[in-house]
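The values are calculated or read from the model by the stated rules, or taken from the named source; none is laboratory data. From a predicted model like this one, the values you see are computed outputs, not experimental measurements. Cβ atoms come from the backbone with ideal geometry, glycine included; neighbour counts cover every protein chain shown.
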Amino acid sequence: MDKRFYITTPIYYVNSLPHLGHAYTTIVADALARFYRLQGYEVFFLTGTDEHGDKIAKAAEAQGKTPKQFVDEIANTFKETWDKLGINYSYFIRTTSDKHKRVVQHVLQTLFDKGEFYLDEYEGNYCFGCERFLTPKELDEKGLCKDHKAPPVYLKEKNYFFNLEKYRGWLKDYLSKTEVIYPSFYREEVLNLLEEPLPPLCISRPKIRLSWGIELPFDKDYVTYVWFDALLNYLTGIGYPDDPSWQDYWANSHHLIAKDILRPHAVYFPIMLKALGIPMYKKLFVHGYWLMGSLKMSKSLGNIVSPLELSQTFGVDQVRYYLLRDMAFGYDAEFSLPNLINRINADLANDYGNLVNRTLSFLERNFGGTIPPWGELTPEDREFREKVERGIIRYLEEFPRLNFHTALEELWQAIRFANVYIDREAPWTRVKEGNYQRAGTVLRNIISAIKSFALALYPVLPNSSLTLLSALSVFPNTPSVIPSEASTLSFKDLFNWELPASGTKIKRCGPLFPRVDEEKILKEEQKVEVKKEAEVKEEPQYITIEEFRRIDLRVAKVLFAEKVAGADRLLRLEVSCPEKRQIVAGIAEYYEPQELIGKEIIIVANLKPAKIKGLVSEGMLLAAKDADGLAIIIPEKEKEPGAKVG
RNA sequence: GGCGGCGUAGCUCAACAGGUUAGAGCAUGUGGCUCAUAUCCACAGGGUUGGGGGUUCGAGUCCCUCCGCCGCCA
């Protein structure tokens, strides 16, 4: 039986830069990929970018770029981000690649030939943000799209439709009999949705309106709807339909998504597969959101946490650990810096890092850094081994169920117990008594456990695990993070207490996880937030009625007007409001002094006086300006000079 | 409106199909150790398990109802 594991992330839509949500999904996928590799599986890990659609074409246009330039840039940003986060994917798929286009066209033609599509005229409210027609219920009171707060455009057009309803019964039956969707409450959600008839899926967009997409092979006037295009990436990635090995991977396909794209993955995609005669994928893993102060992360709220920034500040392994440890897979979790720092300091620095450091430095100081031979094992030594093994076994059970938070907690119980064990057995006291054999046995027991911790944690903490394992000289050929690690590292060695072997020379590696100065970081963070708030405040905002009332607007009668010498644009006015004032105004290009005299105008009476060309201006007159010129504002009926405007 | 989820110590979460004084970790307090990244170990305080009612010998766990938060669908 083939041991293969195929894991995918969604292909990320290139209308935004990588954020924490993307990073989480991708890190989970990477951790699973590494986990299965160490279990001896042949793993294919696919990620990539989704690059077609209205939004992309418009975003490119807004930046004065061609769509191609635009998507190339963003796709590269994603790649760079994943490289920096140590994501070891097998293939990065782009929906604009020729390879993918051929697959999409092949699928479209196949389904068209099978008669799955029909042409129909449709009219309705189209939202460019959603890239689809909206039902009346998706509009708010003002007739705007609820998601995008933008007015939809009324369109009438012919399109190709895919009759999903035909397959609803099959899908309902399939999902209720299997456990493809995990956690199961998302399956319930989908089943609930399948109680109602499914509307047909529009799979095309007329080229007249949008050309940034894959052309329908059977109608040159249309391109493919983005979702139909995007979902097929999971097939393209493993070489469908030409490379025969695709089926081996497909039989073991696992798809990670966030809950917002449940419907396309749990309804559209299975039906597309069914219509094509391709077996259902094996698993759909659905996770929740990282909330920022209980709000879903979103660009407009300006609370995006940059995964790159985080990893630069705290370290890649630290961020990976926090994300996997603090979210119960499937549920939403709250992202917080104090929690992140707490995890780093308490779990990584204090429990694990310090355990490693105290053990290795003790070995170096008292045993010259060489692994001593075993003495006789005491019941305490055996108890220690049992607890370590139990923790690892529980970890290995929970991990593939995506219960990373439980898996890590189980393993940490073993790590914490290692600290208890070393305290109880106090090798430093044995050494003082001259009992090196006893001290050495305890030390070896711990070092072997550390080797297992590092190995087990490799999927979560790849960098520090490799550092540690090579310091322990356990896997002397351990090169670097990149692919060949699978050939040297294996979970088979998790329960091997003979590693590292007697006589092995250990190099110290210094603290693996430096403690984080919480106060310092939080202060810096506050500064950034204050800055961000200030920036937000610069955006157009409403003013209050009180703020408006502070402006003293009055009617003023022009008593006298003349040009200001040496200035083409300025007029000097004397006005009564009712006290006499001098106002200098830049209206000489539009008004002759004579035509103003006797007129009533509106002035801002409490504007801070300013000197213009040596003349004091005690106020400002109101005027409206457009391309045709300028017009002063005058009361519609004559009013007393000084009359309040408001 | 329909379906579903959540609400347990200051914080993050446990508690398999109802069963002894509701558990961990973090944070807090006290003591100890000194190999170690001011780390580690021990002990302690802290909860009327959102409110109310019911079933049961026994309920955080089942039922009803109310409150609050959330998701999907309409």
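For this structure, a couple of remarks:
- Residues of the range A:319-338 satisfying the condition of being part of a helix (DSSP H, G or I) and more than 7 Å from RNA strand B (Cβ to nearest atom): A:319, A:320, A:321, A:322, A:323, A:324, A:325, A:337, A:338
- Inspection of the range A:412-425 identifies no residue that is in contact (Cβ under 8 Å) with a residue 40 or more places away in the chain, within 24 Å of residue A:182 (Cβ to Cβ), in a helix (DSSP H, G or I) and more than 10 Å from RNA strand B (Cβ to nearest atom).
- For residue A:356, the stated conditions do not hold, so it cannot be described as part of a helix (DSSP H, G or I), hydrophobic (A, V, I, L, M, F, W, C), touching a helix residue (DSSP H, G or I) at 6+ places or on another chain (Cβ under 7 Å) and modelled with pLDDT under 95.
- Within the range A:35-63, the set of residues being of a type in the set (A, V, I, L, M, F, W, C), assigned to a helix (DSSP H, G or I) and either at pLDDT 95 or above or surrounded by 15 or more Cβ atoms within 10 Å (Cβ to Cβ) (or both) comprises A:35, A:38, A:56, A:57, A:59, A:60.
- Exclusive hit being away from RNA strand B (no atom under 16 Å from the Cβ), in contact (Cβ under 8 Å) with a residue 24 or more places away in the chain and acidic (Asp, Glu), set A:165, A:215, A:189: A:215
- Residue within the range A:608-619 that is in contact with a strand residue (DSSP E or B) (Cβ under 6 Å, 6 or more places away or on another chain) and polar (S, T, N, Q) present: yes
- Enumeration of residues in the range A:339-365 that are surrounded by fewer than 19 Cβ atoms within 10 Å (Cβ to Cβ) and more than 8 Å from RNA strand B (Cβ to nearest atom): A:364
- Residue match in the range A:19-34 (condition: over 22 Å from residue A:323 (Cα atoms) and buried (at least 23 other Cβ atoms within 10 Å of the Cβ)): no
- Yes/no for residue A:234 being modelled with pLDDT of 95 or more, of a type outside the set (Asp, Glu) and closer than 25 Å to residue A:116 by Cα: yes
- Any chance residue A:81 is touching a residue at least 60 places away in the same chain (Cβ under 8 Å) and hydroxyl-bearing (Ser, Thr, Tyr): yes
- When residues of the range A:384-400 are limited to those that are free of Cβ contacts under 8 Å to residues at least 60 places away in the same chain and touching a Phe, Trp or Tyr at 6+ places or on another chain (Cβ under 8 Å), the one farthest from residue A:24 (Cα to Cα): A:387
- Candidates A:439, A:486, filtered to the one that is more than 23 Å from residue A:396 (Cβ to Cβ) and either assigned by TED's automatic domain parsing to the domain that holds residue A:422 or modelled with pLDDT of 90 or more (or both): A:439
- Residue check for residue A:446: within 12 Å of RNA strand B (Cβ to nearest atom), closer than 19 Å to residue A:499 by Cα and of a type outside the set (Lys, Arg): yes
- Just one of (1) within 17 Å of the chain's Cα centre (by Cα); (2) surrounded by fewer than 17 Cβ atoms within 10 Å (Cβ to Cβ) fails for residue A:66. It is (1).
- Residue A:223 vs. criteria surrounded by 15 or more Cβ atoms within 10 Å (Cβ to Cβ) and under 21 Å from residue A:10 (Cα atoms): no
- Residue check for residue A:396: under 23 Å from the mean Cα position of the chain (by Cα), more than 8 Å from RNA strand B (Cβ to nearest atom) and part of a helix (DSSP H, G or I): no
- Sole residue being of a type outside the set (D, E, K, R), more than 9 Å from RNA strand B (Cβ to nearest atom) and surrounded by fewer than 16 Cβ atoms within 10 Å (Cβ to Cβ), chosen from A:368, A:391, A:375: A:368
- Check on residue A:185, hydrophobic (A, V, I, L, M, F, W, C) and buried (at least 18 other Cβ atoms within 10 Å of the Cβ): no
- Condition broken by residue A:199, with the remaining ones in (1) touching a helix residue (DSSP H, G or I) at 6+ places or on another chain (Cβ under 9 Å); (2) under 26 Å from residue A:57 (Cβ atoms); (3) more than 16 Å from RNA strand B (Cβ to nearest atom) satisfied: (3)
- When the residues of the range A:245-265 are filtered to those that are under 24 Å from residue A:43 (Cβ atoms) and within 16 Å of RNA strand B (Cβ to nearest atom), the one that is surrounded by the most Cβ atoms within 10 Å (Cβ to Cβ) is A:265.
Conditions tested, residue by residue: (1) surrounded by 10 or more Cβ atoms within 10 Å (Cβ to Cβ); (2) at pLDDT 65 or above; (3) in the same structural domain as residue A:632 (by TED's automatic domain parsing).
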residue	(1), (2), (3)
A:515	yes, yes, no
A:537	no, no, no
A:553	yes, yes, yes
A:560	yes, yes, yes
A:566	no, yes, yes
A:571	yes, yes, yes
A:584	yes, yes, yes
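- Residue A:616 assigned to a strand (DSSP E or B), surrounded by 18 or more Cβ atoms within 10 Å (Cβ to Cβ) and either among the aliphatic types (A, V, I, L, M) or touching a Cys at 6+ places or on another chain (Cβ under 8 Å) (or both): no
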